[in-house]
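Every read-out reported here was derived from the displayed coordinates using simple, explicitly stated rules and does not represent laboratory data. Predicted model, so just to flag it, every value in this text is computed and none were measured. When we count neighbours, we look across all protein chains shown, and the Cβ atoms used for this are built from the backbone with ideal geometry, even at glycine.
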Amino acid sequence: MVTIAVDAMGGDKAPGPEVEGALRAAREFGHRVLLVGPKSEVEHELAKHGGKKSLPIEIVHASDRITMEDHAAKAARTKRESSMHVCARAVASGQADGFVSAGNTGACMAIAKMVLGKVPGVDRPALSGVFPTHKGTPVVVLDVGANVDCEPQMLAQFALMGEAYSRLVLKVARPRVGLLSIGEEEHKGNALTRDATPLLKSMVASFIGNVEGRDLYSGHADVIVCDGFVGNVALKVSEGLVDMIRGMLKESLQATITRKVGYLLARSAFTDFKKRVDYSEYGGAPLLGVKGVCIIRHGRSDANAMKNAVRVAADFASSNMNSRIEEELRDVVKV
């Protein structure tokens with residue numbers, strides 16, 4: 001049985017979504033879940049849902065928490081008994097196979113690097129987001145927020161890790177890797193993209209060159225690399241756009257559909273659309289490049305998002321993703 005530690009105190013509305021998501025994951029997927037946080041608070045939240053109900057859920061006490069307002073590096077160094085730290089130590093000790101947090105992203109990345117360590121050949125771990133496309137196949141985008149300033153060799157490493165993720169976890173046979181820029185022509189872009197291009201050509205066999213912003217959704221590439229500043233902006237714009245379109249469609253349907261049959265058909269189509277673009281279904285952003293499984297969700301994640309984050313963490317652990325990334329990097333990068 002795969003065991004996943006969940007930071008019960010990370011999200012904006014913790015521990016509610018974390019506890020409910022853990023219950024759903026244990027019930028639907030059969031994974032063992034460690035809920036990490038102040039024991040009394042977690043027990044109180046579990047009681048609202050009728051308790052564990054014989055599900056494989058355990059509470060691991062953590063006396064402190066890291067907030068969104070905390071300085072990431074300082075909190076990582078000083079709050080050693082935070083729920084985030086305890087989760088990472090559970091993975092490092094083998095008590096858990098991976099951990100999930102919707103807390104402070106910078107602190108989570110710092111703690112993962114500090115406690116779990118980096119994969120040899122990786123300068124900086126990267127957050128990898130999964131975007132839906134018109135073709136129905138997901139595209140892996142990295143980095144989406146871990147490293148706002150990048151060097152060319154970091155983008156090449158991101159490409160190798162993203163290609164492995166797409167192939168090994170998402171089961172894309174030969175993932176096409178693109179470099180996010182302002183034009184398809186090789187000479188377009190900034191100094192970072194122009195300097196990264198020759199490295200990507202030499203290190204990534206399936207590199208297809210520059211791709212543009214619209215290719216985040218076109219399905220033209222299976223993996224798209226960029227620095228964390230650009231990637232995070234793209235992620236947040238995408239989430240905001242999905243929320244706006246979903247809201248506008250719902251309002252239009254309610255305002256224009258009067259016939260019952262037409263309403264039911266439209267509602268079915270709307271439900272299908274909602275599921276296809278709902279970022280909570282994709283389970284969060286894996287932190288690639290650390291020696292352990294770490295899945296990061298944004299602070300406003302609901303119970304469905306947390307449930308799917310546990311699922312993705314378990315998939316990563318079961319596929320031995322990090323050790324396989326390490327093996328593949330060793331073949332390309334001098335470690």
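In plain terms, the residue of GLU18, GLU212, GLU45 with the fewest other Cβ atoms within 10 Å comes first and the most crowded comes last, giving GLU212, GLU45, GLU18. Loop-located trypsin sites (Lys or Arg not before Pro) in segment 119-222 (DSSP state other than H, G, I, E, B) with a sparse environment of at most 12 neighbouring Cβ atoms within 10 Å: LYS135, LYS171, ARG214.
Relative to the compact-globule estimate of 2.2 N^0.38 Å, the Cα radius of gyration of segment 106-256 comes out at 1.11.
Each Cα pair under 8 Å and six or more residues apart adds its sequence gap; the mean of these over the residue count of segment 151-193 is a relative contact order of 33 percent. Positive-end ranking of VAL169, VAL223, VAL122 along the dipole of the chain, with charges on Cβ about the Cα centre, is headed by VAL169. Dipole magnitude for segment 1-77: computed about the Cα centre from +1 point charges on Lys and Arg Cβ and -1 point charges on Asp and Glu Cβ, it is near 240 debye. Taking the Cα centre of segment 141-187 as origin and assigning +1 to Lys and Arg Cβ atoms and -1 to Asp and Glu Cβ atoms, the resulting dipole is close to 460 debye. Rounded to the nearest 5, the antiparallel percentage of DSSP beta bridges internal to the chain is 25%. Within the straight-line cut-off of under 19 Å between alpha carbons, the aspartates and glutamates reachable from LYS79 are ASP7, ASP12, GLU41, ASP64, GLU69, ASP70, sequence neighbours fewer than 8 places apart in one chain being disregarded. The translational diffusion coefficient of segment 1-71, from Stokes-Einstein at 25 °C and 0.890 mPa s with a Kirkwood hydrodynamic radius over alpha carbon pairs, comes to 202 µm²/s. Computed from point charges on the beta carbon alone (+1 for Lys and Arg, -1 for Asp and Glu), the dipole magnitude for the chain about its Cα centre is near 840 Debye. Measuring r between the beta carbons of LYS188 and GLU327 and using R0 = 41 Å, the FRET efficiency lands at 0.75.
Exposure proxy for TYR165, TYR217: other Cβ atoms within 10 Å of each Cβ, ordered fewest to most, give TYR217, TYR165. The H on the amide N of ILE4, modeled in the peptide plane, is under 5 Å from the matching H of ARG32, VAL33, LEU34, ASP97, each at least 5 residues off or on a different chain. Pairs from the list LYS53/LYS74; LYS48/LYS307; LYS48/LYS118; LYS118/LYS201; LYS52/LYS250 with a Cα-Cα gap above 28 Å: LYS53/LYS74; LYS48/LYS118; LYS52/LYS250. Note on the chain: helix-only mean residue ellipticity at 222 nm, from DSSP H runs of 4+ residues weighted -39500 (n - 2.57) and normalised by residue number, equals -15500 deg cm²/dmol. Once the Cα-Cα distance is subtracted from the 0.36 nm per residue extended length, the PHE229 to SER318 segment shows a gain of 29.0 nm.
Each of VAL223, VAL86 has some number of other Cβ atoms within 10 Å of its Cβ, and from fewest to most they run VAL86, VAL223. Counting 0.36 nm for each residue step from THR137 to ARG80 and taking away their Cα separation leaves a gain of 16.5 nm. Calculated on the alpha-carbon coordinates, the convex hull of segment 102-189 measures out at 138 cubic angstrom per residue. For segment 23-157, the fraction of alpha-carbon pairs lying more than 17 Å apart is 67 percent, rounded to a whole number. Placing a label point 7 Å from the Cα of MET114 along the Cα-to-Cβ direction, the residues of segment 33-77 whose backbone N falls under 18 Å from that point are 37, 62-77.
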